[in-house]
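Presented below is the structure to which this report refers.
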Amino acid sequence: MSRVLLSAADASGDLHAAELVEALRARRPEASLFGVGGDHMARAGVELLAHQRELAVGGFVEVLSSVGRVLAAWRRVGRAARERPPDLAILVDSPDFNLPLARRLRRRGIPVLYYVSPQVWAWRRGRARKLARRVDRLAVIFPFESACYAGTGLDVEFVGHPLVQRLEEVRRKHDRSGARAALELPPEAPVVLLLPGSRRNELRYGLPVMLETARQLRERVPDVVFVLALAPTLEREEVESRLAEAEVPAGLRPRLVQGRTWEAARAADVALAKPGTITVELALLGCPLVVVGRANPVSVAIARRIVRVPSFTMPNLIAGAPVVPEFLQEAARPERVAAALADLLDGPARELQLARLAEVRRRLGRGGAARRAAEIADEMLGAPRVAA
């Protein structure tokens, strides 16, 4: 029986890992799977040694408060790797957690597949060679990433983006009217989806500017309705508490949606999102969007010294053009963000962005990323397998 250790320390990685697990199960139904992940991985049959909810924090300064939880998770994973050595480790995204873990696994002689590359093209380019020293194979999800590892000797393969196929199915299943009916939203009113993020610090810094933007947009568009989608790493009570602290009027209070973010995106006319994977999801779902972000000022100051990208919004990087309006830190002024949202509710700006998002979808490939990543994992395990 094959033993596979998996590690996905954030919400998007949990989803990608779960899809890979399902594809690997079709090839090796007897495999024992354990590691770090979230609810999606647990439902796919992975024994969780640590839940990624414990690790849901980001930023250079904010991560310091999570050191204890991270070390505890590492200890549990390390103990499991000693007591039942895996035949393969599959690490998904989350480089701050997974790169040190890869080094520990390599020292134990455990083969490592890394799925969803760290963003070496954006910052800390030296991590490309570090990754090559610690990882046996790398499966990347953006077509421009393979070139970043040229000369390192690492076996790199572009497998496509893991969300393409799944979200194409969501697009076919849920149209605007059907999604609104399912979520009990007004059939004709303008609907804006708020996506403050999956980490506590994102909620702390980003939610206030989103709420003030909502207030200003309501002045422009009186009948607008707001929906706030909760990431699985955030507790509903925490969000409710922050809304109460902000003293949001009843008429402006967003409707909270949990576990139905994609359906809410299909129902919405436009989304207001923090930077990150969610921007790719919205592009694949064909939902116009504006990006807004605020973070700890010290973290931002550090990032500005080391990050070398023209945009923090993935559809802009994939397209090589400013497809999505982006308002970060001091530029995240609610009146400007509200104006950008109003432009995307109707008119030429909306049609132009929809056309450009269609081109982003084309560049991300035709799907099958989890299946191909599972094939690589199966090759690395090497032993005879059950036919798919």
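The values are calculated or read from the model by the stated rules, or taken from the named source; none is laboratory data. Just so it is clear, the model here is predicted, and its values are computed rather than measured. With ideal geometry, Cβ positions are generated from the backbone for all residues, glycine too; neighbour counts draw on all protein chains shown. All accessible areas refer to the heavy atoms of the entire protein, side chains included, with ligands and DNA or RNA removed. Shrake-Rupley method; radii C 1.70, N 1.55, O 1.52, S 1.80 Å.
For the reader, a short list of remarks on this structure follows.
- Net charge, residue 369 excluded, C-beta distance under 13 Å - Lys, Arg +1, Asp, Glu -1: -3
- Cα principal axis extents for segment 247-346, largest first, Å: 41, 34, 28
- Averaged per residue, the chain has 42 square angstrom of accessible surface, using a 1.4 angstrom probe with ligands and nucleic acids left out.
- Mean ellipticity per residue at 222 nm, deg cm²/dmol - from DSSP H runs of n ≥ 4 across the chain, formula -39500 (n - 2.57): -14000 deg cm²/dmol
- Among the helices of the chain, those built from whole DSSP H runs whose Cα atoms reach 20 Å or more along their own axis and whose mean Kyte-Doolittle hydropathy is at least -0.5 are 11-27, 67-83.
- Built amide H within the under 5 Å cut-off of residue 117, gap 5+: 141
- Virtual paramagnetic centre 7 Å along Cα→Cβ of residue 346, amide N under 15 Å, in segment 262-292: 269-270
- Value of relative contact order over segment 202-308, rounded to a whole percent, pairs C-alpha under 8 Å and six or more apart: 28
- Here the chain has 51 percent of its accessible surface on carbon and sulfur atoms, given a 1.4 Å probe and all protein chains in place.
- A simple spin-label model places pseudo-atoms 7 Å from Cα toward Cβ; at residue 30 and residue 301 they are separated by 5.9 nm.
- Value of relative contact order over the chain, rounded to a whole percent, pairs C-alpha under 8 Å and six or more apart: 19
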